[in-house]
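The values are calculated or read from the model by the stated rules, or taken from the named source; none is laboratory data. What you see is a predicted model; the values in this text were computed from it and never measured. Glycine gets a Cβ as well: all are built from the backbone with ideal geometry, and neighbour counts include every protein chain shown.
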Amino acid sequence: MNLKTILIQASIRGDKHEDIPNQDYVDVFENDEFLITTVSDGLGSSKNSLEGAQIACKSVIDEIQNFQLSSELQFLNNKIKEKWKKEIESISQNVSDFRTTNSFIAVFKNEKKIIVGQLGDVMVSLRMDGLFRHLESTSKDFSNETVCLGSGKDENFKLAMFEFGHTFDYLIATDGIADELQTEKIETLHDYFKNKFQNIEASRRNDSLKYDLEEFLNEKNNDDKSMIFIWSNKI
Amino acid sequence: MDSLNDFLIQKPRPLPVIVAVDRSGSMGTNGKIDALNIALKDFINSIKDEDSNKAEIHISLFSFGGESATCDIPLTPISQVNTPSYQAQGRTPMGGAFTMLKELIEDKVQIPSRSYKPTIVLLTDGIPTDDFLSPMNDLINDGRSSKAFRIAMAIGDDADYNMLSKFVSSPEYLVLGESARDIRKFFRFVTMSVTQRMKSQTPDVYQIPQMIDDETLDF
């Protein structure tokens, strides 16, 4: 299918101790069948969480390509978790050193379907054919709390499938961004991103987004901050 | 909307500090209630001076004495807090205070999930005179309130050390005081603890400051 999309993405390190790198990870995969976008937030308290975050994104991309839409979504949950755990165990015995959250949106282009997955507090907001949804992840008690891969508990992805007709746009953002957003303005934020970035030369969009995150968010929040925003042209 | 900033919450994340103090009759002896009033005022004024874009201290003050516990200051940004002055009288209805603390912390309207974990500060010189066990267990073991940092001061030999040692998050957070003078030391310790959290890059990773030496107190 000739699905044209525009994607902006940025990932910046939070204002934290010098020896801790940015532990967020963003990954995008696209071919004729799929557009898969995924964001992981490695837990600051786990020493190899960046690696855990990378492997989570890779596991999502690999397993979605093998997933049959006729299957139960729960099957996808199991496959992603199993793959992540297997990859981690092949490099270390201490799975908890790799703890990470992950959210993803996978567009099945030919079927015009979208699967959303969330494990932890990486936020997702999605608008299809004008209908907006802010998909809350598992509710947390206080900031910097989240469920995650590698916690030792059997946490599951919260999964949902949607169908779109003509257009979609969506945002995936780690809690370093999401915790600072006014919830009631998130749909308008989608419009803001579209209006702003469609007028910026393609090669400069991500740098411009990165500048915005550094300018407006780093003084409010120490966390790493990563996001992807995508919008499609009308099909 | 002109910039990303227009979509952001403009207030720093709340860092709730919930103080519960004993105003029972026994606090009227040996200058304890006067020391408490001074210490509370100093505490509030000290942390009012702290400023951060990333955290804003919100204070709530409860007391227990007479026949019941009361909420004397609902959760309020520190800049707007006026400290009450207590008079000692009556019994020690600490269980009632535990129930009120739990209700506050479980309330996501008053303490949104964007907040840092609350700190609970408890000060008492006596044994609870109401049913405290079940409210205390609910507060420290169940739900959202179980995640709060809990520190306490026991003043004098009549305080219930056994109960307080179960109340605090870990044994180092129970401070034993002998006299009114120690109340002010304790609140200096609380001030340091709160400001340390506020300045920290990881406010929810708790670090215990050292208790202050007598020499540093200015009476």
State the number of residues belonging to region A:178-195 that are crowded, with 18+ Cβ neighbours inside 10 Å and modelled with pLDDT under 95. 4
What pairs come up if the first residue lies in region A:214-225 and is under 11 Å from B:ALA55 (Cα atoms) and facing chain B (nearest Cβ under 7 Å), the second is crowded, with 22+ Cβ neighbours inside 10 Å and of a type in the set (A, V, I, L, M, F, W, C), and their beta carbons are under 9 Å apart, counting only those six or more places apart or on different chains? A:ASN221/A:ILE177
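Yes/no per residue for (1) within 14 Å of chain B (Cβ to nearest Cβ); (2) more than 30 Å from A:GLN198 (Cα to Cα); (3) touching a Phe, Trp or Tyr at 6+ places or on another chain (Cβ under 7 Å):
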site: A:LYS4; (1), (2), (3): no, no, no
site: A:ASP15; (1), (2), (3): yes, no, no
site: A:ASP24; (1), (2), (3): no, no, no
site: A:VAL39; (1), (2), (3): no, no, no
site: A:ALA56; (1), (2), (3): no, yes, yes
site: A:ASN66; (1), (2), (3): no, yes, no
Restricting attention to region A:87-143, the residues that are in a strand (DSSP E or B) and either within 28 Å of B:ASP204 (Cα to Cα) or touching a residue at least 60 places away in the same chain (Cβ under 8 Å) (or both) number exactly 18
Mind checking which residues of region B:151-175 are in contact with a helix residue (DSSP H, G or I) (Cβ under 7 Å, 6 or more places away or on another chain) and hydroxyl-bearing (Ser, Thr, Tyr)? B:SER165
Does region B:148-207 hold any residues that are in a loop (DSSP other than H, G, I, E, B), within 19 Å of B:GLY95 (Cβ to Cβ) and either within 14 Å of chain A (Cβ to nearest Cβ) or without any contact (Cβ under 8 Å) to a residue 12 or more places away in the chain (or both), and which are they? B:ALA148
Could you please let me know if A:ILE186 is within 25 Å of A:LEU119 (Cβ to Cβ), within 14 Å of another protein chain (Cβ to nearest Cβ) and not polar (S, T, N, Q)? yes
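Of B:ILE38, B:ILE78, B:ILE57, which residue is more than 13 Å from B:ILE18 (Cα to Cα), among the aliphatic types (A, V, I, L, M) and out of contact with any Phe, Trp or Tyr (no Cβ under 6 Å at 6 or more places or on another chain)?
B:ILE38
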Scanning region A:141-166 residue by residue, those touching a Gly at 6+ places or on another chain (Cβ under 9 Å) and within 14 Å of chain B (Cβ to nearest Cβ) turn out to be A:ASP141, A:ASN144, A:THR146, A:VAL147
Among A:ASP19, A:ASP24, A:ASP15, A:ASP32, which is the only one that is touching a strand residue (DSSP E or B) at 6+ places or on another chain (Cβ under 8 Å) and either closer than 20 Å to A:ALA202 by Cβ or charged (D, E, K, R) (or both)? A:ASP24
Residue pairs, Cβ under 7 Å, 6 or more apart or interchain, first in region B:99-126 and facing another protein chain (nearest Cβ under 9 Å), second of a type in the set (Phe, Trp, Tyr). List them. B:SER113/A:PHE142; B:SER115/A:PHE142; B:TYR116/A:PHE142; B:LYS117/A:PHE142; B:LYS117/B:PHE149
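Let's see how each residue does on (1) surrounded by 20 or more Cβ atoms within 10 Å (Cβ to Cβ); (2) modelled with pLDDT under 95; (3) closer than 30 Å to A:ASP32 by Cβ:
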| position | (1), (2), (3) |
| --- | --- |
| A:LEU73 | no, no, yes |
| A:ILE88 | yes, no, no |
| A:ARG99 | yes, no, no |
| A:VAL107 | yes, no, yes |
| A:VAL116 | yes, no, yes |
| A:LEU126 | yes, no, yes |
| A:PHE132 | no, no, yes |
| A:SER143 | yes, yes, no |
| A:LEU149 | yes, no, yes |
If you check B:ASP51 against the conditions, is it assigned to a loop (DSSP other than H, G, I, E, B) and either within 14 Å of chain A (Cβ to nearest Cβ) or out of contact with any Lys or Arg (no Cβ under 6 Å at 6 or more places or on another chain) (or both)? yes
Counting just the residues of region B:1-33 that are within 14 Å of chain A (Cβ to nearest Cβ) and assigned to a helix (DSSP H, G or I), which one comes out farthest from the chain's Cα centre (by Cα)? B:LEU4
